[in-house]
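Below is one structure, written out as structure tokens; the observations come after it.
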Amino acid sequence: MLYTFSQSEYDLATITQIWQNLAENDAVLFWQNGVTFWFKHVTNLNLNQAYICLLKNDVEARGLMPFITSFKTDIHLLTLTELVDLTEKYYPQLAF
């Protein structure tokens, strides 16, 4: 399953509940303003073994690229082409 997050703010209790259901065959994409949510809350998120990715264009557009290496987490930066591949591989999709 693919979970996509596009907002900069979410209720942390709801997000925590979603995280608890993630499995290693799931993917989580933070894009649009969702990339700022990830940067603000990465240390609070227990993402288990899910495939975690950020849309590279959105990270760059918000000036966050210099900070990406400071996080000790397995994060994947995707191009738009790779995003299309991701949607083909992981389904169904839940958008938040």
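The values are calculated or read from the model by the stated rules, or taken from the named source; none is laboratory data. Quick caveat: nothing in here was measured; it's all calculated off a predicted structure. Neighbour counts are summed over all protein chains in view; Cβ atoms, including those assigned to glycine, are modelled from backbone coordinates with ideal geometry. When the accessible area is computed, the model is the full protein with side chains, heavy atoms only, and any ligands, DNA or RNA have been set aside. Shrake-Rupley method; radii C 1.70, N 1.55, O 1.52, S 1.80 Å.
Some observations on this one:
- Take the Cα of Leu12, step 7 Å toward its Cβ, do the same at Lys40, and the gap between the two points is 1.1 nm.
- Solvent exposure of the chain amounts to 58 Å² per residue of accessible area, where only protein heavy atoms count and the probe is 1.4 Å.
- Normalised convex hull volume, the chain, alpha-carbon set, Å³ per residue: 85
- Qualifying trypsin sites (Lys or Arg not before Pro) in segment 49-96, DSSP loop, other Cβ atoms within 10 Å at most 10: Lys72
- Fraction of accessible area attributable to carbon and sulfur, the chain (%, probe 1.4 Å): 50
- Cα gyration tensor shape of segment 49-91, rounded if a/c is under 1.5, else prolate or oblate by comparing a/b with b/c: oblate
- Computed from label points 7 Å out along Cα-Cβ, the spacing between Lys89 and Met1 is 1.9 nm.
- In the chain, the sites counted are GluC sites (Glu not before Pro) in DSSP loop states with at most 16 other Cβ atoms within 10 Å, and the longest stretch holding none of them, exclusive of the sites, is 25-96.
- The chain: relative contact order in percent, alpha carbon pairs under 8 Å with at least 6 residues between: 38
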